[in-house]
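As structure tokens, the structure follows; a few thoughts come after it.
The values are calculated or read from the model by the stated rules, or taken from the named source; none is laboratory data. Worth saying up front: this structure is predicted, and the values here are computed from it rather than measured. Note that each Cβ is placed from the backbone with ideal geometry, even for glycine, and that neighbours are counted across all protein chains shown.
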Amino acid sequence: TIPLIIDTDPGVDDALALAVAVASPEVDLLGVTTVFGNVALDKTSRNALRLMTLLGRDDVPVALGAERPLVHPQPHVSRAHGTDGLSGFADTLPEPTAEPDPRDAVTLLKDLLEASEQPVTIVPIGPLTNIALLLAAHPRLKDRIARLVVMGGGIRGGNITAAAEFNLWCDPEAARRVLVEERVPTTLVTMDLTKRCAVSAEWLQQVGESSEIGARLVGLTPDYLATYRRFLGWDGMAVHDAVAVAAAVNPGLLTTQRFPVEVECAFGPARGALLVDERLETPKEDGIDIAADADLNALREFLFERLTAFGVK
Ligand code: BDR
Ligand code: CA
């Protein structure tokens, strides 16, 4: 089994990502940590607790993390995920049947890393603040991390500004610390790949018809879908964070290329941008593994199989 922790800011696609992890028999989901991001921390945390209740896993500890970026606080901008973080549908989820873990996110991460026999895979699918704090506070625990599988960054441009992808833009200093400075084995699943792996409205409908849980999850998506329709003319949507979980569970689903990266931290139009250093002479061993390509149908099939597994007894 793969001991796994998800660091998240739910988020419609975060909801699907949590579901994929819960539905994966290969995964031992040790914990969930929350961070500000799509909405403020109180809402992302409540959403995480409700989702774990929906998924029948209120036994998994959920610990609250950072409510602001490391260095430069900035206003919350939530667009695609609405004011409740789940596109206006958070109230369709059950009330949480568990309390948040009494520990803060960094302490829970530390305790879980120390207690696990095997090194742990961490899947950060929100701003990287909690992970930067963990690595800064407990550098010796790096050895206990098998890999970070991060959803973030855009090589060909962003989604929150022209240059920056949302998760990196929310806390560029944290992203820089994690992706550039710390040298932890990392796979970066960028929005370039997650957009290519978009799922269709029909695909979602089938997930919705597969079980009660599937129906509730897909019930979170109509506004998110509508945004994609309105701005891109798609009859479908990206499920960014779920792709990162898929890559953590089954790394063979995608191919990666190792390059050093930079994260722009200066104020200006490129703040939060990901820079991939593809120069021939740059030592590749200093880099991180950037998702380059995937068999998109196999990836979608994997996600479909997991998200419809709740109907199978
Ligand atoms: C990322 O931003 C968030 O809105 C999504 O949940 C995802 O983690 C995509 O850029
Ligand atoms: Ca997210």
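Worth a mention:
Results for (1) within 16 Å of ligand 1 (Cβ to nearest atom); (2) at pLDDT 95 or above; (3) out of contact with any strand residue (DSSP E or B) (no Cβ under 7 Å at 6 or more places or on another chain), shown as yes or no for each residue.
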site: Thr227; (1), (2), (3): yes, no, yes
site: Ala247; (1), (2), (3): yes, yes, no
site: Gln257; (1), (2), (3): no, yes, no
site: Leu274; (1), (2), (3): yes, yes, no
site: Lys313; (1), (2), (3): no, no, yes
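- Residues that are assigned to a loop (DSSP other than H, G, I, E, B) and in contact with an Asp or Glu (Cβ under 7 Å, 6 or more places away or on another chain), drawn from region 239-276: Val239, Pro260, Cys265, Ala270, Arg271, Gly272
- Test: residue in region 270-283 that is exposed (fewer than 14 other Cβ atoms within 10 Å of the Cβ) and within 21 Å of the chain's Cα centre (by Cα): no
- Leading residue by the ranking (nearest to ligand 2 (Cβ to nearest atom)) among those in region 102-137 that are part of a loop (DSSP other than H, G, I, E, B) and over 23 Å from Asp289 (Cα atoms): Asp104
- Residue ID - nearest to Val123 (Cα to Cα), chosen from residues in region 2-45 that are without any contact (Cβ under 8 Å) to a residue 60 or more places away in the chain and away from ligand 1 (no atom under 16 Å from the Cβ): Leu29
- Those residues of region 11-31 which are within 16 Å of ligand 2 (Cβ to nearest atom) and of a type in the set (D, E, K, R), in sequence order: Asp13, Asp14
- Scanning region 205-225 for residues that are in a helix (DSSP H, G or I), within 16 Å of ligand 1 (Cβ to nearest atom) and either of a type in the set (D, E, K, R) or touching a strand residue (DSSP E or B) at 6+ places or on another chain (Cβ under 9 Å) (or both) yields a count of 3.
- Region 138-161 - residue that is part of a loop (DSSP other than H, G, I, E, B) and more than 11 Å from ligand 1 (Cβ to nearest atom) and, of those, nearest to Glu262 (Cα to Cα): Ile155
- Residue count for region 195-248, restricted to those that are over 17 Å from Glu165 (Cβ atoms), small (Gly, Ala, Ser) and free of Cβ contacts under 8 Å to residues at least 60 places away in the same chain: 7
- For region 12-33, a tally of residues being more than 22 Å from Asn250 (Cβ to Cβ) and in contact with an Asp or Glu (Cβ under 7 Å, 6 or more places away or on another chain) returns 1.
- Single match in Val39, Val22 (criterion: of a type outside the set (D, E, K, R), touching a Leu at 6+ places or on another chain (Cβ under 6 Å) and within 19 Å of His240 (Cα to Cα)): Val22
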